[in-house]
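See below for the structure under consideration.
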Amino acid sequence: MRRLFISADIEGCAGVASQDALGPDRFEWPAARHWMTNEVASAARVALAAGYDEVIVADGHGNAQNILPDGLPDRVRLVRSWPRPLLQMQGVEADGVEACFFLGYHNGSMGTGGGLAHTYSGMTLRDVRLNGVSVSEGYLNAALAGEFGRPVVLVSGDAETAADAKRYAPRAVTCVVKDSIGNRAASAVTPNESVRMIGRAAEAALGLEWAAPFVVPAPHVLEVDLTARVTAELLSYLPGIELAGPFTVRATFDSVAAIMRFLAFAILYSPSGVIKL
């Protein structure tokens with residue numbers, strides 16, 4: 001079975017400009033869900049028309065229940081909710097996955113500009129560094145995809161996201177649907193136009209000769225700056241996790257998949273088992 005994998009976020013979708021679109025308690029979230037769903041559906045339809053048997057979509061934002069299942073075409077398998085060990089990349093490990101699209105992406109917390117820039121959880125993580133390099137979600141997600149032999153061939157979002165993608169997928173097609181105006185304002189095409197743009201970009205990406213997957217050789221030294229000192233202290237109680245500063249923990253991992261499991265724990269763990277994002 002031939003499969004395409006889509007990792008979808010919401011901050012990089014056309015129309016999304018501020019935190020008012022990011023969660024169920026925000027007035028613009030119902031509309032943003034439709035914008036995100038339609039962008040993903042556009043790319044999925046192109047992949048299915050190109051001969052893929054199935055498209056796996058991982059909803060990777062907030063509560064991971066943003067994409068409306070009824071808005072997706074048949075032969076799409078949707079990964080929803082948390083916790084899951086590979087975070088925004090759950091499904092990339094499935095047999096038959098040939099390549100990855102990153103849709104609705106944004107720049108990292110320490111990147112150069114970009115709307116709503118953060119890395120995985122702005123509430124918990126101030127910065128994530130891999131072997132001394134500050135990474136975005138795209139960078140680390142691409143490294144995980146590379147570990148499974150999957151290249152990233154399409155990235156959509158704002159201009160800063162497209163620039164960041166050159167670090168991990170320099171030959172990927174980039175689809176810029178908006179320009180950031182600071183951290184919480186943007187100038188964007190309409191959602192309907194973004195759907196058409198992403199469809200055209202998907203067609204272009206699937207027609208290219210792909211570059212080799214992005215692989216970061218092990219061992220992997222991970223440093224994470226937390227937003228709260230007590231979180232860093234508590235994480236350092238885990239075996240192999242070192243307190244490297246008031247807000248920083250450090251550890252060495254033999255795989256990117258293991259890093260994802262650690263980050264999933266750091267972001268999602270609750271003693272009661274109730275996860276709220």
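Bear in mind that the values in this text are calculations on the coordinates, not laboratory data. As the structure is a prediction and not an experimental result, all values here were calculated from the model. Heads up, the Cβs are rebuilt from the backbone with ideal geometry, glycines too, and the neighbour counts pull from every protein chain shown.
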Original post:
Considering the alpha-carbon set of the chain alone, what are its Rg and its Dmax in angstrom?
Top reply: 17.6, 52
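Is the range 170-223 rounded, prolate or oblate when judged by the Cα gyration tensor, a ≥ b ≥ c being the square roots of its eigenvalues, rounded requiring a/c under 1.5 and prolate requiring a/b larger than b/c? Provide the component values of the computation, followed by the final result.
Details: a/c = 4.08, a/b = 1.34, b/c = 3.05.
Oblate.
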Subject >> Separation between Cα centres of the range 187-239 and the range 93-170, rounded to whole Å >> reply: 2 Å
**OP:** Give the shape of the range 53-135 as rounded, prolate or oblate, defined through the alpha-carbon gyration tensor: a ≥ b ≥ c are the square roots of its eigenvalues, a/c under 1.5 means rounded, and otherwise the shape is prolate if a/b is larger than b/c and oblate if not.
**Re:** prolate
Original post:
Using the Cα gyration tensor of the range 211-277, with a ≥ b ≥ c the square roots of its eigenvalues, what is the shape: rounded (a/c below 1.5), prolate (a/b larger than b/c) or oblate (neither)?
Top reply: oblate
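Using +1 on the beta carbon of Lys and Arg, -1 on that of Asp and Glu, and nothing else charged, what's the dipole of the chain about the Cα centre, debye to 20?
On the way: 23 positive and 29 negative charges, 14 e Å.
With Lys and Arg at +1 and Asp and Glu at -1, about 60 debye.
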Subject >> For the range 171-236: relative contact order, % (alpha-carbon pairs under 8 angstrom, 6 or more apart) >> reply: 28 percent
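At a 10 angstrom cut-off on C-beta neighbours, averaged per residue, how do the peptides 172-179, 7-14 rank from highest to lowest? Write down the numbers at each step before the final one.
Numbers: 172-179: 22.9, 7-14: 29.8.
Highest-to-lowest ranking by the protection proxy: 7-14, 172-179.
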**OP:** Can you tell me the relative contact order of the chain? Whole percent, Cα pairs under 8 Å, sequence separation 6 or more.
**Re:** 20 percent
Subject >> Residue-span extension gain [Val189 to Arg77] - 0.36 nm each, minus C-alpha spacing >> reply: 37.5 nm
Original post:
In Å, what Rg and Dmax follow from the Cα atoms of the range 1-113?
Top reply: 13.8, 41
